[in-house]
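Worksheet: one structure, shown below.
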Amino acid sequence: MKKHKLIIIGIILVVFGGYYFFNADNQPIDHEVVAENWKVYINSNSGIAFSYPEGYFVEEVDIKSQTDSGHVFGVILTEDNEANRNLRSGEILGEGPIAITFDVFNNLNNWKTAEDWARGANESNYKLGDGKTSETTVGDKEAVGYSWDGLYMGRSVVFLNGDHIIMASVTRLTPADKILEDFEDILKTVTLTDK
């Protein structure tokens, strides 16, 4: 029992520590979404932090892009199960699993809005969709969301953050996949610093 209380206190400290790590201008983490078993991801280089449910494997990827896209960094969340662990280790071959991703791009072309970037950058997958967008916010930033259909069906939400463009995406196999709900809940917890 005592160990359980210490774990809960530790989680609470991590969540609040993540919030105070950023300046006071940022939106607080949505504590109605965050359950006690959620973890916190913080990357001060990209200026992004978010909470995510237990049961996900988080992988950071430094991108040395061969194109002029400006893609510099990625965070990939996949369900932490045996099949995905075997895929990550190379023990089995196949397409990547459905995932939640945060891709960070340098704003090399000085895009003025997230929607301009989504419509104009090939990396956005926007052209694989039906052309419909929705306005939203992530943290305190205006964002644009849209769906697309390529190898997997997906949804992306794009926003500008300082000198970066951040594209949060989720891929799915069916409209009932739990990962879609997790994606929306994770977006509600995002905090940002301008980078």
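Things worth noting here:
- Our estimate of slack between residue 54 and residue 134, defined as 0.36 nm per intervening residue step minus the Cα-Cα distance, is 25.9 nm.
- Put in line by how crowded their Cβ is, counting other Cβ atoms within 10 Å and starting with the fewest, 51, 89, 46, 134 read 89, 134, 46, 51.
- Applied to the stretch 97-109, the Karplus parametrisation 6.51 cos²θ - 1.76 cosθ + 1.60 on θ = phi - 60° returns per-residue 3J(HN,Hα) values of x, 4, 7, 10, 10, 10, 10, 10, 10, 6, 7, 5, 9 Hz, with x for Gly and Pro.
Laboratory data are not the source of any read-out in this text; all were calculated from the coordinates shown. Please read all numbers here as calculations on a predicted model, not as lab measurements. In this analysis, Cβ positions are derived from the backbone assuming ideal geometry, glycine residues included, and neighbour counts consider all displayed protein chains.
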